[in-house]
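> Before I ask anything, here is the structure I am working with.
Any read-out appearing in this document is the output of simple, stated calculations on the displayed coordinates, not a laboratory observation. Keep in mind that what you see is a predicted model, and the values were worked out from it rather than measured. So basically every Cβ, Gly included, is an ideal-geometry build from the backbone, and we count neighbours across all protein chains shown.
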Amino acid sequence: MKEIDGVQNVKASLHPPRAVIEAEKSINTAQLTQALAKVGYSIAGASVDENLKKSGGSCCC
């Protein structure tokens with residue numbers, strides 16, 4: 001994931017099955033989907049952290 005321009009940090013867990021991607025700018029969904037497919041994962045849903053939204057940032061979960 002860090003090979004995608006703008007990704008700063010990635011945290012993943014199995015229980016609950018969730019990943020948090022921290023980025024310095026918006027990430028292209030197609031680019032994210034392709035990177036996940038390379039390692040055998042897909043996007044089931046996404047949400048924006050409301051605190052980041054208020055500060056002008058973005059985050060896909």
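> For region 21-35, take each phi angle, set θ = phi - 60°, evaluate the Karplus expression 6.51 cos²θ - 1.76 cosθ + 1.60, and give the result in whole Hz per residue in order, putting x for glycine and proline.
10, 9, 9, 7, 8, 4, 10, 5, 4, 4, 5, 5, 4, 5, 5
> Can you give the percent of C-alpha pairs in region 1-50 whose distance is more than 14 Å?
54
> Still on this structure: Packing-wise, with mean Cβ within 10 Å as the measure, how do 18-27, 36-45 rank, highest first?
Averaged packing, sorted descending, gives the order 18-27, 36-45.
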